[in-house]
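Encoded as structure tokens, the structure appears first; notes follow it.
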Amino acid sequence: MNKLHINPGYCKGCLICVEICAPKAIKACGKINSRGYNLPIEDDMQRCSGCKLCEIVCPDFALAIETDETNTKKK
Ligand code: SF4
Ligand code: SF4
């Protein structure tokens, strides 16, 4: 299954990544961290297509999707 990796030192909680994810594989964690940010977390990565749009749109290079090729949906 694909995995979401967040660098909490870079993420500012803008949640553009969550907004861009059409299948809603990731979501806001709903908790404010010590820096005052609401970071994204995995919701249901079974829904993740591995498109990496979330990674591409992140303005802070805070997010990476590790794709499991055996589990990535074919286009
Ligand atoms: S787009 Fe980047 S900075 Fe914004 S919440 Fe997502 S990971 Fe964090
Ligand atoms: S890679 Fe695509 S489907 Fe997966 S979490 Fe990111 S935007 Fe959503």
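Where a number appears in this text, it was derived from the coordinates with a stated rule and is not lab data. Just so you know, these numbers come straight off a predicted model, no measurement behind them. Cβ sites come from the backbone with ideal geometry, for glycine too, and all protein chains shown count toward neighbours.
What to note about this one:
- Simple point charges give the picture: +1 on the Cβ of Lys and Arg, -1 on the Cβ of Asp and Glu, and for the chain a dipole about the Cα centre of about 140 debye.
- Segments 57-65, 30-38 sorted - mean Cβ within 10 Å per residue, highest first: 57-65, 30-38
- Shown for the chain: lysine pairs separated by 8 or more places, or found on different chains, whose C-alpha atoms are under 25 Å apart, numbering 24.
- Rounded to the nearest whole Hz, the Karplus-based 3J(HN,Hα) values (6.51 cos²θ - 1.76 cosθ + 1.60, θ = phi - 60°) of segment 41-49 follow the sequence 9, 5, 10, 9, 6, 4, 8, 6, 8, with x at glycine and proline.
- For MET1 and VAL57, the FRET efficiency from 1/(1 + (r/R0)^6), where r spans their Cβ atoms and R0 equals 25 Å, is about 0.70.
- Amide H contacts of CYS29 (H built 1.01 Å from N, under 5 Å, at least 5 apart or other chain): LEU39, ILE41
- Per-residue ³J(HN,Hα) for segment 6-23, Karplus 6.51 cos²θ - 1.76 cosθ + 1.60, θ = phi - 60°, Hz, x for Gly and Pro: 10, 9, x, x, 9, 5, 10, x, 6, 6, 4, 4, 5, 4, 7, 7, 4, x
- Among the GluC sites (Glu not before Pro) found in the chain, those both in a DSSP coil and sparsely packed, with 13 or fewer other Cβ atoms within 10 Å of their Cβ, are GLU69.
- Beta bridges per DSSP, both residues in segment 3-66: antiparallel share near 100 percent.
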